[in-house]
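The values are calculated or read from the model by the stated rules, or taken from the named source; none is laboratory data. Source: prediction; values computed, not measured. So basically every Cβ, Gly included, is an ideal-geometry build from the backbone, and we count neighbours across all protein chains shown. Ligands, DNA and RNA are stripped out before the accessible areas are found, and what is left, the full protein with its side chains, is counted by its heavy atoms. Shrake-Rupley method; radii C 1.70, N 1.55, O 1.52, S 1.80 Å.
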Amino acid sequence: MSLLDLIGLGQKKNDMAPLVGEKLKKEQEKYSLKRNPYLRAFIFICFIGISILSLPNATINSGLNYTIQQPWRAEDLVAPYTFAINKTDAEIQEEEEQIKNNVSPVFNIDPSVEIAVQTKIDSLYRNIQPVIEGFYNWQESKQNQLSSVFDDSIRFAQEYATSEIQLTETSWEVLFDSYYSALSNNRPISSFVGVRVKQELESVIETLMNEGIINRPKASISQNEVVVRDVVNSTERIATKARVRDLREANEFAQFQLNRQFSQDIAQLGMELYNKAIKPNLIYNVQDTQIKIQEEINEISKTKGAIAQGQMIIRRGDIVTSQTANVLESLSETRSQNASNAEKWLRFTGGIIAIFVISLVFFMYLYLYRRPISSHNGLFFLVFLTMGLISLASAILLRYDISSIYVIPIAIAPIILTIIFDSRVGIIASVTLAALIGMVNGNDFEFTIATICACSMGVFSVRDIKDRSQFFFTTPGVVFVTYIIVIGAFSLTKLGGWESYFQQILFIGINAIFILFTYPIILLFEKLFGITTDFTLLEMSDTNRPLLKELMNKAPGTFHHSLQVANLSEAAAAAIKANSLLCRVGALYHDIGKMIKPSYFVENQGGGTNEHDKLKPQMSAMIIKAHVSEGVKMAEENGLPKTIVSFIESHHGTSVIRYFYEKAKEDENLKEMLNEEQFRYEGPLPSTKETGILLLADGIEAASRAMKNPNYTKLENLVNKMVDDRVAEGQLSQCPLTFRDLSVIKETFINILVGVYHGRIEYPEEKKETNTKKENSTNNESNKNTEKVEESKN
């Protein structure tokens, strides 16, 4: 049992059938839940409660209505009290940018860098020493013509090749020559150029470290000062940008000092060693800099000047400039901030009353014009559940200011209600939701009008769905374009606001994409509530579905008959504005029960023996009647919707199987014990326009097929007689077809049947064959014609 059945959304079977005893009691209990007015009141109050959640928290609206660059249409406005003028967002943003450009960046001293640089220089010289000593030993052996000269040369080559220091050849030569000269001439080691270069490098690096080397290019720093923090000693100083160096300036300083002390070759050696060791010791601290910027931003004043009490703000007819609009906004904000608790509660109460009235109008529409919905708790719940989901989404978005109000896919609810019910319910739902959400969004008239237009166009696009592409492409596109046009029109009336307009396009695009979720939501509702929408009917109308395929294979005559009935029913339903798609699908499946014993139905008999000739009339009537119950059973086993099952149940109503009843009356042995109820279908009677149309189309199609030489007059008489007979029998007494509807249905049936049985040209080859067949078939046709007419009806 689906949720649909639990709350009464399912199809009501045999409403007028007599119920007795326990069955009556259970039925009464069932419908007490369906019709309980307190449950509907609870659902309605829950919907209002969700809408109330959207109301702003205790804010007061000034009630000032104006448009920038348009005249002030109200009376002269004088300041009721002194209030501060708020800075605009652009002004505050400009000040923030100035702060970001003016706040000095923070650099932390890294004490480990100086030690690391000194350690690196020492390491370089330790690696240099074995190489220059190897060179000296080799040169000494070669000078003194020692036998170890070859070994010393090999040892030097190995030391040179495996050295980790990558110096230029010129720098190595400077080191080799200086070291060899110092030792050969017995000069002190301090005269070695490497020692003097090291001493100078240590002096230069000490100077640079004391003044500071920053790890960012100076060109990226727009400020004239930097903050230097010593975390170890907990000190902080302000240094001008000129007093510190970046790596480029540090290199230039080192190059200058070395060139001043040494020749070009020695200075080059020093720079090579310097570049391998130097590192910045002032490290940019992003986090501390941002904290310092934020502290400055937090101190920005949000106001600029004030308006004194009694001062004229704007006169009637004056143009509302952006500066004046800022003053009006400041007045409105001050009014809201200074409001008393009583005023806030009055404002909140007014919002509640407005929400209640708007919702009540929607309820009254359902009550007055859609009574089947307003009196049925299941349908009522489905309507307000759909609208409540959209209201809940808007409440969350507005309360937490997540995004633009235009991102809410309000059109989803009207579209769903249109597909499930009709376009009028969808239109009223559009107006209701747009008014509710526009009201809680600061009485946004522009949003309300744009939403009503967009949702209404969305409703129009789905009121007659023919395929899925229509929904997936047309509907979102229609909603998107309508929003764009209406909001663009409002922007034109303002002679401005285009920046805001182009920002809203993105949110409207997201809104249109969200509409695609309507389809899975409908599928969920179909499964959850057991309802049948046009989407399901479109799927079921495919004749390649397994059940219809089986009908075509087992009972081809019945399948062809069902197709013809479907055409008749669909056209008649469309003519009287009933659900033509539902009519067609119901007609396709109405005779599936004939698959059980197809040969007992005349449309499946290929001109051979009639199976009923071997049976008594009562047995034949039982078999004929059984195709209804068998069809219902097959439909339920195959999961067909209840709306389609109702077509199978009621397509004969409670009519009498007249042919076999009259045949039984001819038997003198059966005459006394004959009971007409034995030959009557069990019903129920058709309860909707669609099922009533099917009952008429089913009998008329079968009778017209059995008619000899049909023409317009014969078909007109047949249609009029059969429709009038069904009315006289009371078969249509429980369906809402009017006499005008019946008149239109008759005319539609006649036009279609005349088209189906139109005359055609008889070719010469066919004439001989026709004349020969006429003689042979005259006797057989006269005997079987009556049987075909009556049996085809059943």
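Things worth noting here:
- Pairs of alpha carbons in the chain whose separation is greater than 44 Å (percent): 59 percent
- J(HN,Hα) series, the range 68-74, from Karplus relation 6.51 cos²θ - 1.76 cosθ + 1.60, nearest Hz, glycine and proline x: 4, 6, 10, x, 7, 9, 8
- Kirkwood hydrodynamic radius of the range 248-366, from inverse mean 1/r over distinct Cα pairs, in Å: 23.0 Å
- Per principal axis, descending, Cα span of the range 595-690 in whole Å: 45, 30, 21
- Accessible surface ranking for 661, 66, 1.4 angstrom probe, highest first: 66, 661.
- For the range 547-644, the spread of Cα coordinates along the three principal axes comes to 46, 28, 25 Å, biggest extent given first.
- Annotation for the range 669-745: trypsin sites (Lys or Arg not before Pro) lying in DSSP loop with at most 12 further Cβ atoms inside 10 Å of their Cβ are 708.
- Of all DSSP beta bridges in the chain, antiparallel share, percent nearest 5: 75 percent
- Taking 7 Å steps out from each Cα toward its Cβ at residue 230 and residue 510 produces label points 5.2 nm apart.
- Net charge contributed by nearby residues that have their C-beta within less than 10 Å of residue 580 (K/R +1, D/E -1): -1
- The stretch between residue 662 and residue 291, if pulled fully straight at 0.36 nm per residue, gains 123.4 nm over its current Cα-Cα span.
- Cross-link check: pairs 614/665; 597/714; 554/633; 549/665; 625/665; 549/708 evaluated at a Cα-Cα cut-off of 29 Å; pairs beyond the cut-off: 597/714; 549/665; 549/708.
- Cα-centred dipole magnitude for the chain, charges only on beta-carbon of K, R (+1) and D, E (-1), debye, nearest 20: 2820 debye
- Hypothetical label at residue 527: residues of the range 631-660 whose amide nitrogen lies under 19 Å (7 Å Cα-Cβ projection): 638-642
- A straight chain from residue 186 to residue 744 at 0.36 nm per residue would run longer than the Cα-Cα distance by 187.7 nm.
- In loop segments of the range 295-355 as defined by DSSP, the GluC sites (Glu not before Pro) with at most 10 further C-beta atoms inside 10 Å of their C-beta are 299.
- Net charge over other residues, Cβ less than 14 angstrom from the Cβ of residue 420 (K, R count +1; D, E count -1): +1
- Ordered from largest to smallest accessible area (heavy atoms of protein chains, 1.4 Å probe), the residues 218, 344, 100 come out as 100, 344, 218.
- Taken along the Cα-to-beta-carbon direction at a fixed 7 Å, the label points for residue 485 and residue 577 span 2.4 nm.
- Tilt relative to the chain, helix 498-514 - C-alpha long axis, 0 to 90 degrees, to 10: 50 degrees
- Under 13 Å, Cβ to Cβ, from residue 129 - net charge with Lys/Arg +1 and Asp/Glu -1: -2
- Distance-filtered residues of the range 374-398 - backbone nitrogen under 19 Å, label point 7 angstrom along residue 367 Cα→Cβ: 374-385
- For residue 657, the residues whose amide H sits under 5 Å from its own are 680, 681, ignoring neighbours fewer than 5 places away on the same chain, with H placed 1.01 Å from N.
- Extension reserve of the residue 356-residue 78 stretch, reckoned as 0.36 nm per residue once the Cα distance is removed: 96.6 nm
- Stokes-Einstein translational diffusion, the range 75-193 - Kirkwood Rh over all Cα pairs, 1.567 mPa s, 4 °C, in µm²/s: 63 µm²/s
- Just so you know, the Cα atoms of the range 452-599 work out to an Rg and Dmax of 21.8, 77 Å.
- Between the helical axis of 764-793 and the longest alpha-carbon principal axis of the chain there is an angle of about 90 degrees.
- Computed log10 I(q)/I(0) for the range 307-417 at 0.14, 0.15, 0.22 Å⁻¹: -0.86, -0.92, -1.24, from the Debye equation with unit scatterers placed on every C-alpha and solvent omitted.
- Only helical runs count toward this figure. For the chain, summing -39,500 (n - 2.57) over DSSP H runs of n ≥ 4 and dividing by all residues gives -21000 deg cm²/dmol at 222 nm.
- Sites matching GluC sites (Glu not before Pro) across the range 102-150 that sit in DSSP coil, with at most 10 neighbouring C-beta atoms within 10 Å: none
- Computed from label points 7 Å out along Cα-Cβ, the spacing between residue 338 and residue 166 is 7.4 nm.
- Seen against the Cα atoms of the chain and their longest principal axis, helix 445-462 is set at about 50 degrees.
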